[in-house]
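Reading through the structure tokens given below for one structure.
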Amino acid sequence: MNPRVVLRVLTSTRTVEGGGFVVRRPFPVQGVVQADPFLLLDEMGPVDYPPGEAVGAPDHPHRGFETVTYVLAGEVEHEDSAGHRGKLGPGDVQWMTAGRGVVHSEMPSARVQREGGRVHGFQLWVNLPARDKMMAPRYQEVPRDRIPRATSEDGKASVVVVAGAALGAAAVIETRTPIAYHDWTLQPGADVEVDLPEGYHGLAYVFGGEALVGADRRAVADGGCALFEEGGALRLGCDAAAAEPARVLLVAGTPLREPVARYGPFVMNTRQEIEQAFADFRSGKMGEIAR
Ligand code: CO
């Protein structure tokens, strides 16, 4: 089957989140449904904090979807209302299924807050199907050494397989709906076709250099996010004359095609369910972080 054709390229906006950290956000974009089942992608940094200035996202709730945090640089400490706490370092992933509700905090580690340093990472929001929105919250913490890596035969393309499979490597994370989540490094001259199941929606977010994506090898600059037609493989590459490698986050999954009602940290199917989420949060049903 021919590689997928690029439908359109979204340009990231810069926005401020949580306690004041700057993110690049390619979507959501009003009216764009081709990212379904993905609700939001934030690239946090890269930012170099002076000592005492690193900021994060203090206590806040979520309901109805999953948050996937992938750290490239720095350390993120998290705590939540179910009593989980932990620290993510470079290469580590946390896949949190908020389900019926959690309150959590996501902050730079005490060391990063004290000493400063580089913070860089991603947070992806993955929608849950209606039948799973009120499931019990759960976590999968996957340290860097359990996340498979692979390199193409010509050595020009390498991938970290957070979810799904690529170049013969398969991820360990279990997802509610089938999902691929890959971190690609494409050296100049790289040209790979990534097999994806036909029914998946796919997108490619460029976060370094310039990538060539899709059947016609469309150039997508740093910060651009290509959305693809449904179909076969997803072609990724980097011009042979490029001065630097391209970095691409490839995210793909089965669309839910369900109504989406979202407000702030809650994503449900109806407005009434959103109002219920606010009521449950205000009355303490999502718990609080014990400190
Ligand atoms: Co959060």
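Whenever a residue of segment 200-225 is farther than 19 Å from Pro37 by Cα, its partners that are open to solvent by 10 Å² or more (accessible area, probe 1.4 Å) and aromatic (Phe, Trp, Tyr), lying with C-beta atoms within less than 8 angstrom and at least six residues away or across chains, give the pairs Asp222/Phe207; Gly223/Phe207.
Glu153 meets the stated requirement of being part of a loop (DSSP other than H, G, I, E, B) and open to solvent by 20 Å² or more (accessible area, probe 1.4 Å).
Cβ-Cβ contacts under 7 Å between residues 6 or more apart (or on different chains), taken from a first residue in segment 18-39 that is without any contact (Cβ under 8 Å) to a residue 60 or more places away in the chain and open to solvent by 30 Å² or more (accessible area, probe 1.4 Å) to a second residue that is more than 16 Å from the ligand (Cβ to nearest atom) and not in a loop (DSSP other than H, G, I, E, B), are listed as Val22/Arg14; Val22/Val47; Arg25/Thr13; Val29/Leu10. Reported count of residues in segment 243-291, each being of a type in the set (A, V, I, L, M), within 16 Å of the ligand (Cβ to nearest atom) and open to solvent by 20 Å² or more (accessible area, probe 1.4 Å), is 0. In segment 28-45, what residues are among the hydrophobic types (A, V, I, L, M, F, W, C) and closer than 18 Å to His62 by Cβ? Residues satisfying the conditions are Phe38, Leu39, Leu40, Leu41, Met44. Evaluate the following for Glu244: is it under 21 Å from the mean Cα position of the chain (by Cα), over 16 Å from Val192 (Cβ atoms) and assigned to a loop (DSSP other than H, G, I, E, B)? So Glu244 fails the test. Those strands (runs of 3 or more DSSP E) of segment 19-87 in which 1 or more residues are within 14 Å of the ligand (Cβ to nearest atom) and under 17 Å from Ile289 (Cα atoms) occupy 57-62, 76-80. Note on segment 88-118: residues that are in a loop (DSSP other than H, G, I, E, B), more than 13 Å from the ligand (Cβ to nearest atom) and not charged (D, E, K, R) total 6.
Residue by residue, here is whether (1) under 15 Å from the mean Cα position of the chain (by Cα); (2) open to solvent by less than 10 Å² (accessible area, probe 1.4 Å); (3) at pLDDT 95 or above holds:
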| position | (1), (2), (3) |
| --- | --- |
| Val71 | yes, yes, yes |
| Asp80 | no, yes, no |
| His84 | no, no, no |
| Asp92 | yes, no, yes |
| Gly99 | no, yes, yes |
| Met107 | no, no, no |
| Val112 | no, yes, no |
| His120 | yes, no, yes |
| Gln123 | yes, no, yes |
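Sub-6 Å Cβ pairs linking a first residue in segment 132-148 that is without any contact (Cβ under 8 Å) to a residue 60 or more places away in the chain to a second residue that is assigned to a loop (DSSP other than H, G, I, E, B) and of a type in the set (Gly, Ala, Ser), at least 6 apart or interchain, are Met135/Gly99; Ala136/Gly99; Pro137/Ala82; Pro137/Ala98; Pro137/Gly99; Arg144/Gly91, ordered by first then second residue. Any residue that is away from the ligand (no atom under 16 Å from the Cβ), out of contact with any Phe, Trp or Tyr (no Cβ under 9 Å at 6 or more places or on another chain), under 24 Å from Ala246 (Cα atoms) and assigned to a helix (DSSP H, G or I) - is there at least one of those in segment 176-183? There is no residue in segment 176-183 that is away from the ligand (no atom under 16 Å from the Cβ), out of contact with any Phe, Trp or Tyr (no Cβ under 9 Å at 6 or more places or on another chain), under 24 Å from Ala246 (Cα atoms) and assigned to a helix (DSSP H, G or I).
The values are calculated or read from the model by the stated rules, or taken from the named source; none is laboratory data. No experiment lies behind these values; they were computed from the predicted model shown. Virtual Cβ from ideal backbone geometry, glycine too; neighbours counted across all protein chains shown. Quick note on the areas: whole protein, heavy atoms, side chains included, nothing else; ligands and nucleic acids left out. Shrake-Rupley method; radii C 1.70, N 1.55, O 1.52, S 1.80 Å.
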